[in-house]
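Quick note: the coordinates plus some simple rules give every number you see, no bench work behind them. Keep in mind the model is a prediction, meaning the values are calculated, not measured.
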Amino acid sequence: MTDDLVSGLVILAGLISAGVGITIATSRFRAAARAYRKTGTLCETMPEGWGSWFLEGFSGLTMGTHSLRAVAALAGWALAGLCLIGLGLLLFWRG
């Protein structure tokens, strides 16, 4: 009885962990889009030339780094969730 409860709690913690990862990744993708738009609007106000080229490249770089951070956060939380779910299932089958 206690083993079933513990395994259920560990599986629940794994599901919550995966949900947290999805939530964090979604918010980071939104932040990346906001940073890209913010830099893009700044780029439109600049005169043509090197400054405009630099800001366009910088906005793309910002979008890329924010996206990489979002994917890394999602992968980390999802991996932790999968490990916890696997541990919970292992406890359930052994108990």
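What do the square roots of 5 times the Cα gyration tensor eigenvalues come to for the chain, in whole Å, largest first, as semi-axes of the equivalent ellipsoid? List each step's numbers first, then the result.
On the way: eigenvalues 421, 19, 3 Å².
Value: 46, 10, 4 Å, ordered largest first.
Normalising by the residue count of the chain, find the relative contact order in percent from Cα pairs under 8 Å and 6+ residues apart.
Working: 101 pairs, mean separation 53.9, N = 95.
Taking the mean separation of contacting Cα pairs over the length of the chain, I get 57 percent.
Given the DSSP H assignment, sum -39500 (n - 2.57) over each helix run of at least 4 residues in the chain and divide by its residue total; what's the result at 222 nm in deg cm²/dmol, nearest 500?
Details: 2 runs with 89 residues, N = 95.
The per-residue figure over the chain is -35000 deg cm²/dmol.
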